[in-house]
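Undergrad: Here it is: the structure, laid out below.
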Amino acid sequence: MSVRLQPELRNQLIQFGIGDWNACYHCGTCTAICPLSEKGFLFPRNKIRLMQMGVKDELETSVEPWLCYYCGDCTKSCPRDANPGELMMSLRRYLTSKYDWTGLSRKFYTSGVWELGFILVFAALVVIAFLFLLPAYGFKFTTELTAQGGVQVNAFAPWEYIEIFDWSMAAVVALLLISNILRMYYKIIWKDGKTTVSIWTHIREFWLLIYNFVVQPRFSKCEDKNYWLSHWFLMSGYTIMFIVIVVYLEWFQTDEILPFWHPQRTLGYYATFGLLFGLFVAIIGRIRKKRIKFQFSHVSDWLFLIMLTLTVITGILIHIFRINGMAWATYISYIAHMAILVPMILIEVPFSKWSHLAYRPFAVYFQQLKKHAVPRKSNQ
Amino acid sequence: MEFRPTLVAFLCNWCSYTGADLAGTSRLHYAPNIRIIRIMCSGRIEPTFVLKAFQQGADGVLICGCHPGDCHYQEGNYKCLRRYKLIQKYTQQMGIEKERLRLEWISASEGKQFAELVNDMTKTLLQVGPSKVKGTLEVEHLKK
Amino acid sequence: MEEPRIGVYICWCGTNIAKMVDVEAVASEVSSMPHVVLAKNYKYMCSDPGQELIIKDIKVHNLNRVIVAACSPRIHELTFRTACEKAGINPYLFEMANIREQDSWVHTDRSEATKKAIDLVIAAIRRVRFHEALEKRSVSVNPATLVIGGGIAGMTASLEIAASGKQVYLVEKADHLGGMVAQLDLTFPHLSSAQQIIHPLIQRVKNNPNIKVFLNTQIQQVHGYIGNFNTTILQNGNESVEIEFGNIIAAVGLKPFDPVVIPEYGYKKIPDVVTSVEFEQMLLSGLIQTSEGKDPRNVAIIHCVGSRNKKFHEYCSRVCCMTALKYVHQIRAALPDANIFEVYADMRAYGKGHEEFYAHTTHKQIIFLMFDQQTGLPRIRKAGAADKCNIIIEMDELLSGISIEVPVDMVVLMTNMEAHDDVKEVVRSIGVSLCGNQFFIEKHPKLDPVATTTGGVYIVGGCQGPKDIPDSVSQARAAAARILATIAQESVPVEVTTAQVNELLCCGCQTCVRVCPYSAVSYDESKKSSVVNEVLCKGCGTCGAACPAGAIKCKHFTDSQILAEIEGIMSLSYKY
């Protein structure tokens, strides 16, 4: 079966940050030098070829873009300055938009106005909720301090209500992510129609998913070990924070000021440190542009970094203001924190850059499934 | 002792000799038993030359000229062809096997074909065996 | 005849010969032969010290015959003949043994190769004893020149010769000058106008009083020899004109290959599949449109049509890759939104500024698709109603390894350049030969790519092999310089190895008169003997072979010389 070329695909791909791909003349140096490219799962050259030619189906069903962790060796060694690393990054943005069935991802990636507009609308809704909705249920700002001299956060933003909101937001995000991952699974494993994978393989290889999520071993295969560390700090800090906020908010958001060595505080400090360290490395990197992966920044890259940084900073401020009994400052920080956090989670996790936290470990899992795939029996 | 056929070749200067040179520049290997004599045109070939070669001990004689129509001297190769048919008849009557005398067209660009031709003829001569007329011929009028 | 005193020199040619032939052994084996005064081996006989060695030995040892066993006589015979002449002996008393091209380079067994080298040197020693001194002769040169072909090469050569005040006859078979260049729009890699190059040239040729242009004209059989040619030309098919000239330049060019013979491409069957020549016409008219009069949205350019494939032509036409890239710029300028597919087998960008042109063009948003020129020619078919395009190209794309269909509205076939149909008649009428691809064969592919093996006949431009404008122009000017040099000399040396009739032996049968292709032999009734006109004789030796009385001597290839060579050539392999 021959594939019909779709030359207009180029115009779509350009919007995801793909530059001049005709620079590539297919010497294959990038594939040869890549520490992650392996037999059966070769990249980046062949993916660049599909992009150049406009072979949509083959592109959409490939798992390889997610197996690339952007060490930049390919871009460094490219004799034509075709920048294969960034081409793979752009392809991941394109794939993210393709997994997403709502079409919002595509809008966010290709239009800064749409993304910013969404953020502002959600931020406004959060502010309105704090200013009008919660007071309507009897929760209001109070300058009265606790016996320890801390701010009464729960009087203004009761953890029960916030947790219900967190849960529902997590549910929406999870629903979107799961449906997108199912689409990803369909495209990568099922769509080619030639092979099939047994249920047992699905179960047996499942541990890979968790292992890859936690340790990110593929990342460390890239030569730059330092970046693996900072990325791991960022990822673990984020995960811890996510779990304590969504699942254990009662335990985490207390009016009582717990001793310094209490796990509530140490865990919080660790997560904050991890996030700050990771963000610091990424932001400085993108400004200095020394690492190849940081040389080309799409709008979505900057937006994500800025929002996450602001979330962490407002989080720190809430903590400092609260234990020092600065009520108004605490409340304003809290509202700001939520006004940034909510749109960030709602946009970044299912639709944009942050979705990779789900797609990457699943990609490794799917790759493993593909390795064990057997030819499908004909329907006779 | 193992039989090693001796092959004498008459090559015209413009096509075949140049073709043989090309086989050399292209480093194509062929059997080392061939001895090449350069003449200006295959039309220069006299029956005497062929007989002399057989008399001197050649197991085979090869004549090469330009392809029909490509002769540097317009039509020398046609004259060679006509003369070759006569020599072929004559040598056969003398008891020299037909396979021992061969005429082929080799152009200046056919180095590969020349190398293959030499190997092919050597193979044929190995099958036919040593020439029986070695040393038995005398070409009288040339003694002058 | 004086006693032969032979000097033998075995060349190592660096390691080229010495690696496969034991040069010491060859020298010592032949040193004791009768008449051999000395046998030496030396690293590079053709070098200045090598030639000096021969010159010194001739003087010191009073040598009168010299043998050099080295490369092919076609390469260095002249070098050593000149060295002999410098030392005061006749150049024809020299003989060469070819132990490189026909020995060390083609054999792998060192002892066999050494044995063969000894045989060849012995044969040369036997032969050289019969060599005779031959006197050089020269003939006067008619200062007029015949140029065949009025393309850019022919016109450039004509202007160059005419600039020195000499007469040029420029013969063109079409009804206008300009050749292929006149059919082009822009040239690569600078995208300058071809029309602005060719039209001033045509005007200069037409206005030059020293150039006589014959349009609609074909040449007939050319008679004569270097310096003194003549022919009758037929203008407009009937008016015959007699012209005399001293030199000939063949600049007949090439013609585009007809892709009808490639079934995969459907040329002439599928609308909007056009050749590069037709596309140039489209560009000249300023309108790139499909047969339905619409702007094409997608254009494919297929490379190597009829080139580099044994079924059609094995050679590369050299100009098509760059022309195809040139089209990208022209299509992009006319149709900014069109998708352009370069369907190629290999991209060749060998010339000055060409690689840069390629690199620059790749940034013009084009899609390169690679196919296998030997086994995977793209297949073109007419698109169906549902396809939203005119044409579909099916191909196995090599760089991705998948089979693809390319939807396009127009296909440009980059056709090969091949010899004209009547090229054989042209070469026959001027006495030169063709190589395997029907290109005119040059005297030496590297050292003399302008001259031919026929004295006074030069080849320029595409007929010698496909080339671009700068190459054609350089070759044209080079040929003109060569001709002006012989005209300035007023005379040229001619063949000395001619035939000679021994009137005492001639029986008057006139066989020789009938076999001579140059009518150089005639029968003299008063002498009752054939005579050879040595000016017309080219020394093929056919008359000598045909003479039943043995009355004709072919100088330098005499019976005694050749028979002596045969006697020597099997010295080691067979002795009785």
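The values are calculated or read from the model by the stated rules, or taken from the named source; none is laboratory data. Note that the structure is predicted; figures quoted are calculated from it, not measured. Heads up, the Cβs are rebuilt from the backbone with ideal geometry, glycines too, and the neighbour counts pull from every protein chain shown.
Undergrad: Is it the case that the range C:378-389 has a residue that's away from every other protein chain (no Cβ under 14 Å), in a strand (DSSP E or B) and farther than 20 Å from C:Ala479 by Cβ?
TA: Within the range C:378-389, one or more residues are away from every other protein chain (no Cβ under 14 Å), in a strand (DSSP E or B) and farther than 20 Å from C:Ala479 by Cβ.
Undergrad: Which ones in the range A:217-231 are without any contact (Cβ under 8 Å) to a residue 40 or more places away in the chain and surrounded by 15 or more Cβ atoms within 10 Å (Cβ to Cβ)?
TA: Of everything in the range A:217-231, those that are without any contact (Cβ under 8 Å) to a residue 40 or more places away in the chain and surrounded by 15 or more Cβ atoms within 10 Å (Cβ to Cβ) turn out to be A:Ser220, A:Trp228, A:Leu229.
Undergrad: I've got another one for you. Scan the strands (runs of 3 or more DSSP E) fully inside the range C:390-436 and keep the ones with 1 or more residues being within 11 Å of another protein chain (Cβ to nearest Cβ), touching a residue at least 40 places away in the same chain (Cβ under 8 Å) and over 36 Å from the mean Cα position of the chain (by Cα).
TA: So the answer is C:391-397, C:402-408.
Undergrad: When residues of the range B:34-50 are filtered for being more than 7 Å from chain C (Cβ to nearest Cβ) and crowded, with 24+ Cβ neighbours inside 10 Å, how many remain?
TA: Qualifying residue count, the range B:34-50: 3.
Undergrad: Could you tell me whether C:Phe341 is at pLDDT 95 or above, away from chain A (no Cβ under 11 Å) and touching a strand residue (DSSP E or B) at 6+ places or on another chain (Cβ under 8 Å)?
TA: Numbers: at pLDDT 95 or above: yes; away from chain A (no Cβ under 11 Å): no; touching a strand residue (DSSP E or B) at 6+ places or on another chain (Cβ under 8 Å): yes.
Answer is no for this residue.
Undergrad: Okay, next question. Of the residues A:Leu59, A:Leu134, A:Leu120, A:Leu87, only one is outside any loop (DSSP other than H, G, I, E, B) and modelled with pLDDT under 85; which?
TA: None of the other options fit; the residue is A:Leu134.
Undergrad: Still on this model: Hey, does the range A:209-223 have a residue that's closer than 23 Å to A:Met88 by Cβ and in contact with an Asp or Glu (Cβ under 9 Å, 6 or more places away or on another chain)?
TA: Within the range A:209-223, one or more residues are closer than 23 Å to A:Met88 by Cβ and in contact with an Asp or Glu (Cβ under 9 Å, 6 or more places away or on another chain).
Undergrad: Quick check on the range A:6-27: of everything there that is part of a helix (DSSP H, G or I) and of a type in the set (A, V, I, L, M), which residue is surrounded by the most Cβ atoms within 10 Å (Cβ to Cβ)?
TA: Quick first cut of the range A:6-27, residues part of a helix (DSSP H, G or I) only: A:9-14, A:21-23.
Imposing the further condition that a residue be of a type in the set (A, V, I, L, M) reduces the set to A:9, A:13-14, A:23.
Values: A:Leu9: 18, A:Leu13: 21, A:Ile14: 15, A:Ala23: 18.
Looking at the filtered set, the residue picked out is A:Leu13.
Undergrad: On the basis of being assigned by TED's automatic domain parsing to the domain that holds C:Phe188 and out of contact with any Asp or Glu (no Cβ under 8 Å at 6 or more places or on another chain), does C:Gly462 make the cut?
TA: Details: assigned by TED's automatic domain parsing to the domain that holds C:Phe188: yes; out of contact with any Asp or Glu (no Cβ under 8 Å at 6 or more places or on another chain): yes.
So C:Gly462 fits the description; yes.
Undergrad: How do the strands (runs of 3 or more DSSP E) wholly within the range C:195-289 filter down when requiring 3 or more residues that are in contact (Cβ under 8 Å) with a residue 60 or more places away in the chain and assigned by TED's automatic domain parsing to the domain that holds C:Val426: which remain? Let's see the steps before the verdict.
TA: On the way: elements: C:211-214, C:217-219, C:223-225, C:228-235, C:239-245, C:247-250, C:273-275.
Here the list reads C:228-235, C:239-245, C:247-250.
Undergrad: Considering only residues of the range C:230-267 that are crowded, with 19+ Cβ neighbours inside 10 Å and in contact with an Asp or Glu (Cβ under 7 Å, 6 or more places away or on another chain), which is nearest to C:Ile392 (Cα to Cα)?
TA: If we take residues in the range C:230-267 being crowded, with 19+ Cβ neighbours inside 10 Å and in contact with an Asp or Glu (Cβ under 7 Å, 6 or more places away or on another chain), then C:Phe257 is nearest to C:Ile392 (Cα to Cα).
Undergrad: Condition test on A:Thr29, is it outside the structural domain of A:Val172 (by TED's automatic domain parsing), over 23 Å from the mean Cα position of the chain (by Cα) and of a type outside the set (A, V, I, L, M, F, W, C)? First the steps, then the outcome.
TA: Working: outside the structural domain of A:Val172 (by TED's automatic domain parsing): yes; over 23 Å from the mean Cα position of the chain (by Cα): yes; of a type outside the set (A, V, I, L, M, F, W, C): yes.
The answer is yes for A:Thr29.
Undergrad: Quick check on this structure: which one of C:Val328, C:Val343, C:Val299 is part of a helix (DSSP H, G or I) and within 38 Å of the chain's Cα centre (by Cα)?
TA: C:Val328
Undergrad: Check A:Phe260, A:Phe213, A:Phe252, A:Phe219 and return the single one that is touching a helix residue (DSSP H, G or I) at 6+ places or on another chain (Cβ under 7 Å) and over 30 Å from A:Glu60 (Cβ atoms).
TA: Working: A:Phe260 fails: touching a helix residue (DSSP H, G or I) at 6+ places or on another chain (Cβ under 7 Å); A:Phe213 fails: over 30 Å from A:Glu60 (Cβ atoms); A:Phe219 fails: over 30 Å from A:Glu60 (Cβ atoms).
Being touching a helix residue (DSSP H, G or I) at 6+ places or on another chain (Cβ under 7 Å) and over 30 Å from A:Glu60 (Cβ atoms) holds for just one of A:Phe260, A:Phe213, A:Phe252, A:Phe219, which is A:Phe252.
Undergrad: Look through B:Leu81, B:Leu101 and report the one residue that is in contact (Cβ under 8 Å) with a residue 12 or more places away in the chain, more than 7 Å from chain C (Cβ to nearest Cβ) and under 16 Å from B:Met121 (Cα atoms). Show your work before the answer.
TA: Working: B:Leu81 fails: under 16 Å from B:Met121 (Cα atoms).
Result: B:Leu101 is the single residue among B:Leu81, B:Leu101 that is in contact (Cβ under 8 Å) with a residue 12 or more places away in the chain, more than 7 Å from chain C (Cβ to nearest Cβ) and under 16 Å from B:Met121 (Cα atoms).
Undergrad: Would you confirm whether any residue within the range A:235-254 is crowded, with 19+ Cβ neighbours inside 10 Å and farther than 30 Å from A:Ala155 by Cα?
TA: no
Undergrad: Here is a check on your reading of the model: is C:Ser571 buried (at least 17 other Cβ atoms within 10 Å of the Cβ) and among the hydroxyl-bearing types (Ser, Thr, Tyr)?
TA: yes
Undergrad: Within the range C:441-448, identify whether any single residue is away from chain A (no Cβ under 14 Å), at pLDDT 95 or above and touching a Leu at 6+ places or on another chain (Cβ under 8 Å), and answer yes or no. Working first, answer last.
TA: We begin by selecting, within the range C:441-448, every residue away from chain A (no Cβ under 14 Å); these are C:441-448.
Checking the rest, the ones that are also at pLDDT 95 or above come to none.
Within the range C:441-448, not a single residue is away from chain A (no Cβ under 14 Å), at pLDDT 95 or above and touching a Leu at 6+ places or on another chain (Cβ under 8 Å).
Undergrad: Can you tell me which of C:Val492, C:Val501, C:Val473, C:Val496 is within 13 Å of another protein chain (Cβ to nearest Cβ), over 25 Å from B:Ile106 (Cα atoms) and among the aliphatic types (A, V, I, L, M)?
TA: Going through C:Val492, C:Val501, C:Val473, C:Val496 in turn, just one is within 13 Å of another protein chain (Cβ to nearest Cβ), over 25 Å from B:Ile106 (Cα atoms) and among the aliphatic types (A, V, I, L, M): C:Val496.
Undergrad: Which one is nearest to C:Gly401 (Cα to Cα) among residues in the range A:36-70 that are aromatic (Phe, Trp, Tyr) and buried (at least 20 other Cβ atoms within 10 Å of the Cβ)?
TA: Only one residue tops the list, namely A:Phe43.
Undergrad: Considering the range C:517-534 alone, what residues qualify as being closer than 23 Å to C:Gly455 by Cβ and either surrounded by 16 or more Cβ atoms within 10 Å (Cβ to Cβ) or within 12 Å of chain B (Cβ to nearest Cβ) (or both)?
TA: Matches in the range C:517-534: C:Pro517, C:Tyr518, C:Ser519, C:Ala520, C:Val521, C:Val531, C:Val532, C:Glu534.
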